[in-house]
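Report on the following structure.
The values are calculated or read from the model by the stated rules, or taken from the named source; none is laboratory data. Please read all numbers here as calculations on a predicted model, not as lab measurements. We place every Cβ from the backbone using ideal geometry, glycine too, and count neighbours over all the protein chains shown.
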Amino acid sequence: MATQQTVEIPAQVLDYLRLHHIITIGTASFAGMPHAATIAYASDACGVYFSMRPDELTLANVDANHWASFTIDDYTPDIRKVRELRGVGRCGFFIIVDGEVEVRREGHGQDVVVTRHGAGQFFGEVGALTGAPQSATFTAVTRAVVLAVDRSAFQDFVKQSAAADLAQRVRATLTDLQRESPRG
């Protein structure tokens, strides 16, 4: 015998839902490829409703892995005034200019906060260098300004820095050898 669990949506959440009409739904394929779709929705005390064509990738992803995430944002032309902004992508390397970002990972079926980063710190470097998918979620916990660096630009920078560092070490070693060698 199947039972249905009733979820009570708090009044302040219902008020927020009534003021907004756009939802972004995040899904992933069975293989883990991320996908997001932004669509209109309707809501009432029982839930949030939206409609999609049957061939939509979002529906195929939900069917494949039964999970989806969503966000409902306060959209504004001035990005500094957006109240919530989340995303998934292969941009790669991020530098926090201002604010704080939490690093979260799934642990024992729950979202676990691993650490917090602040201004001047960075994240995403491992994925940017290796091409591996992100193993964590990065969420702004305060108003934040984050500089996103294109993955290939970051890789070029690292290669140039490594080459410059190697050249500097070779010059220093040659200089040391010249000092140590007897002149004759």
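Taken as a whole, the structure places Leu174 among residues that are of a type in the set (A, V, I, L, M), surrounded by 10 or more Cβ atoms within 10 Å (Cβ to Cβ) and either assigned to a strand (DSSP E or B) or at pLDDT 80 or above (or both).
Considering the conditions (1) under 23 Å from Asp15 (Cα atoms); (2) in contact with a Leu (Cβ under 7 Å, 6 or more places away or on another chain), Met52 is excluded by exactly one of them, (1). Taking Arg105, is it at pLDDT 80 or above, outside any helix (DSSP H, G or I) and closer than 29 Å to Ile23 by Cβ? Taking the combined requirement at face value, the residue does not satisfy it.
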